Amino acid sequence: MNEPVILVVDDDPQVLAAIRRDLRSRYRDEYRVLSANSGVAALDTVKELKARGAALAMLISDQRMPSMLGVDVLARSREFYPIARRVLLTAYSDIEAAIRAINEAHLDHYLEKPWDPPEERLFPAIDDLLSTWQAAYQPEITGLRLIGYQWSPRSHEVKDFLTSNLIPYRWCDIERDPGTLRLLEAAGASAHELPVLILENGTVLRNPPMGQVAECLCPNTPVTHDLYELIIIGAGPAGLAAAVYGASEGMRTLLLDGRGPGGQAGTSSKIENYLGFPSGVSGSELTRRAVAQAKRFGAEILVPVSVVGLSVDGGYKRVALADGRELVARAVITATGMTYRELPAEGISDYIGAGVYYGAASTEAYSCRDCRVVVIGGGNAAGQSAVYLSRFAREVSLVVRREGLNATMSHYLIQQLAALPNVRIRHCTVAERVEGQGRLERVWLRSLVNQSLSAENVDALFIFIGTRPHSDWLPPSVLRNAKGFVLTGRDAAIAEAFPKTWKEAREPMLLETSVPGVFAAGDVRAGAMNRVASAVAEGAIAVRLVSDYLAQT
Ligand SMILES: Cc1cc2nc3c(=O)[nH]c(=O)nc-3n(C[C@H](O)[C@H](O)[C@H](O)COP(=O)(O)OP(=O)(O)OC[C@H]3O[C@@H](n4cnc5c(N)ncnc54)[C@H](O)[C@@H]3O)c2cc1C
């Protein structure tokens with residue numbers, strides 16, 4: 001129902017029915033004709049249409065109504081729909097007043113009652129008004145809209161969720177984007193209730209908890225089997241590849257993720273070194289394609305669901321979800337990746353989401369228009385984010401602890417950074433303290449060369465340092481190295497505790513952990529290459545090994 005609307009207002013039910021009938025007879029293919037029986041009801045409808053992002057082409061209102069005069073209804077609707085045509089419906093005796101109103105309240109036309117025959121006394125005037133409206137009308141952006149303050153942690157949390165679930169939305173900054181206050185008012189919400197989500201069907205969510213956002217936007221499809229051959233935990237590149245290969249090999253495959261598909265790669269603005277994409281591919285595009293491919297082969301995808309535990313019961317693996325459900329599979333691939341470590345700078349935790357972001361450069365890049373930003377880290381992710389942010393921000397400082405970037409960053413990124421006039425690299429520097437009033441405003445940087453301390457005014461700080469694997473949810477029998485990365489194959493077999501957990505006559509396979517039938521792929525694995533291509537390769541190899549394992553059991 002995206003047709004533009006013609007709204008007619010009259011307190012007299014007979015007149016209302018007659019004009020609605022005549023308008024529908026002629027315009028119903030191109031316009032939706034709605035009616036209201038009072039000025040108040042009409043203005044409510046106008047606000048609701050605005051909140052839904054619908055187009056209002058024309059408002060026709062009777063002049064004499066008890067609660068509100070037609071001319072007032074028409075004038076007040078202008079705030080919401082400035083270019084909608086405004087027509088006053090009058091009796092002969094009111095024509096003088098109607099003409100005055102056209103001049104004073106800038107109405108477009110008046111129609112005299114009765115309008116019979118409509119072919120002569122109604123349609124020509126309406127045709128003419130609609131064609132001038134059509135010429136001036138620019139379709140509004142509809143769909144999901146998120147209204148909030150740029151530097152609000154809650155707004156960032158919702159943005160991050162939408163991005164990782166590949167849900168398109170329009171970000172409306174209450175302080176910067178003109179018209180946002182009006183949109184908020186039309187939605188019946190106030191600035192105290194931000195962030196506000198306006199769904200495509202007009203539903204308004206006020207400062208919603210993430211559970212409510214997930215429930216409304218990603219209703220969980222029920223799992224269809226009591227027993228899966230393969231459950232994959234983590235839908236980054238490794239998990240998505242495993243889902244494509246598992247399902248294409250005919251395994252009953254279920255893929256789970258705590259946020260949404262994509263993983264770290266999904267947050268990347270441009271992956272330039274993945275085979276087959278000579279001009280690069282955004283993480284979200286790669287994810288979109290992988291999800292479509294996995295589904296085409298019949299893999300089931302369940303998001304957002306966090307896995308909190310794994311237990312082994314004979315040949316069955318029981319996967320415990322945070323919502324209390326338990327899923328069962330014959331084999332499991334853990335592809336839960338890793339995230340960036342917390343920056344040990346004073347005050348940092350007070351500004352997370354309010355100017356301080358871990359990863360998330362692509363989510364927040366648009367909010368950094370004309371801002372000063374600092375990126376911390378010397379790896380590819382930091383370099384790529386600095387390059388991307390430089391397209392929006394006025395100034396980007398890349399803060400690196402080491403003397404150079406050669407040991408940690410790809411050569412092509414180092415060259416790109418060197419060519420950007422608004423990027424400055426600060427070697428041998430660490431962030432020591434952050435501060436601000438309600439949101440990040442300043443970062444104190446220490447030079448490791450002469451120990452000097454300097455303050456920089458910044459709007460946003462993106463952190464890409466050190467890594468932490470997502471492996472806490474695994475049972476102790478799945479052995480890990482000192483940093484928590486999962487041991488597989490030979491590395492697992494030589495671990496001290498291995499004989500206590502492994503009771504098979506055979507050795508663990510290449511990507512198999514210290515628990516038979518539990519495999520690991522991608523960045524969560526000790527010794528992983530931390531690249532999209534290697535994660536994808538490990539996902540595919542793990543499926544091959546799962547197939548061998550299932551054949552033996
Ligand atoms: C900004 C950025 C840019 C990058 N650019 C490049 C590049 O250009 N080229 C390149 O080769 N590499 C790049 N990388 C690295 C690359 O993205 C990673 O190596 C790759 O994503 C690892 O894939 P993965 O599937 O192993 O894990 P991840 O991508 O980390 O995915 C793990 C998934 O598991 C989910 N998960 C974790 N715990 C749980 C749980 N308990 N329950 C349910 N789900 C869970 C997470 O939500 C996540 O979706 C980049 C990384 C970043 C952050």
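If the chain linking Glu432 and Ala419 were pulled fully straight, counting 0.36 nm for each residue of separation and taking away their Cα-Cα distance, it would gain 1.9 nm.
Could you work out what % of the accessible surface of the chain is carbon and sulfur, using a 1.4 angstrom probe and leaving DNA, RNA and ligands out of the count?
Numbers: 12670 of 25240 Å².
Carbon plus sulfur share of accessible area: 50 percent.
Multiplying the sequence separation of Lys270 and Asp548 by 0.36 nm and subtracting their Cα-Cα distance, what value in nm do you get? Mind dumping the intermediate values first?
Numbers: separation 278, 0.36 × 278 = 100.08 nm, distance 3.58 nm.
Gain on extension, Lys270 to Asp548, equals 96.5 nm.
Backbone amide hydrogens, once placed in the peptide plane, bring Leu398 within less than 5 Å of Val375, Arg424, Ile425, Arg426, excluding anything fewer than 5 places away on its chain. To the nearest 500 deg cm²/dmol, what mean residue ellipticity at 222 nm is calculated for the chain from DSSP H runs of n ≥ 4 alone, each contributing -39,500 (n - 2.57), summed and divided by the residues? Rounded to the nearest 500, it is -9000 deg cm²/dmol. Put simply, the amide H of Leu111, placed in the peptide plane, has neighbours under 5 Å in Leu88, Leu89, Thr90, leaving out anything fewer than 5 places away on its chain.
Packing, taken as the mean count of other beta carbons within 10 Å per residue, orders the peptides 427-433, 241-247 from highest to lowest as 241-247, 427-433. Judged by the mean number of other Cβ atoms found within 10 Å, the most tightly packed of the peptides 277-283, 37-43, 228-234, 476-482 leads the ranking 228-234, 37-43, 476-482, 277-283.
If you take the beta carbon distance between Asp29 and Tyr137 as r and set R0 to 30 Å, what does 1/(1 + (r/R0)^6) give as a FRET efficiency, to the nearest 0.05? The partial results should precede the final answer.
Working: r = 17 Å, r/R0 = 0.58.
Result of the calculation: an efficiency of 0.95.
When you count the other C-beta atoms within 10 angstrom of each residue and take the mean per peptide, 532-542, 264-274, 184-194 line up highest first as 532-542, 264-274, 184-194.
Pairs exceeding a 25 Å alpha-carbon distance, out of Lys50/Lys295; Lys50/Lys159; Lys295/Lys483: Lys50/Lys295; Lys295/Lys483.
With a cut-off of 18 Å, note down the residues of segment 248-262 whose backbone N falls inside the zone around a label point 7 Å from the Cα of Arg288 toward its beta carbon. The answer is 260-262, whose backbone nitrogens lie closer than 18 Å to the label point. Per-residue Karplus couplings for segment 13-18, computed as 6.51 cos²θ - 1.76 cosθ + 1.60 with θ equal to phi - 60°, are listed in order as x, 6, 5, 4, 5, 5 Hz, Gly and Pro entered as x. Taking 0.36 nm per residue of separation and subtracting the current Cα-Cα distance, fully stretching the chain between Phe297 and Asn530 would add 81.2 nm. Segment 107-172 has equivalent-ellipsoid semi-axes of 47, 12, 10 Å, by the square roots of 5 times the alpha carbon gyration tensor eigenvalues, sorted largest first.
For Ser454 and Glu507, FRET efficiency with R0 = 60 Å and r from the beta-carbon atoms, rounded to 0.05?
Numbers: r = 55 Å, r/R0 = 0.92.
Calculated value: 0.60.
Placing dummy labels 7 Å off each Cα toward the beta-carbon, the span from Asp370 to Ile99 is 4.9 nm. In the context of the full set of protein chains, residues of the chain present 46 Å² of accessible surface per residue (probe radius 1.4 Å, heavy atoms only).
By the rule of a C-alpha distance below 18 Å, with chain neighbours fewer than 8 residues away ignored, the aspartates and glutamates paired with Lys270 are Asp160, Glu285, Glu364. P(r) for segment 147-198, from all Cα pairs and a bin width of 5 Å, is 4, 22, 31, 24, 14, 4 %, short bins first.
Classify segment 344-414 as rounded, prolate or oblate from the Cα gyration tensor: take a ≥ b ≥ c as the square roots of its eigenvalues, call it rounded if a/c is under 1.5, otherwise prolate when a/b beats b/c and oblate if not.
Numbers: a/c = 2.07, a/b = 1.26, b/c = 1.64.
In terms of gyration-tensor shape, oblate.
When all alpha carbon pairs of segment 207-279 are counted in 10 Å bins from zero, the resulting P(r) reads 17, 36, 32, 14, 1 %. Global dimensions of the chain from alpha-carbon coordinates: Rg and Dmax equal 30.0, 101 Å. Label-to-label distance, Glu3 versus Thr203, with points set 7 angstrom from Cα along the beta-carbon direction: 2.7 nm.
The values are calculated or read from the model by the stated rules, or taken from the named source; none is laboratory data. Predicted model only: the values in this text are computed from it and were never measured. Note that each Cβ is placed from the backbone with ideal geometry, even for glycine, and that neighbours are counted across all protein chains shown. These area figures cover heavy atoms from the full protein model, side chains too; ligands, DNA and RNA do not enter into them. Shrake-Rupley method; radii C 1.70, N 1.55, O 1.52, S 1.80 Å.
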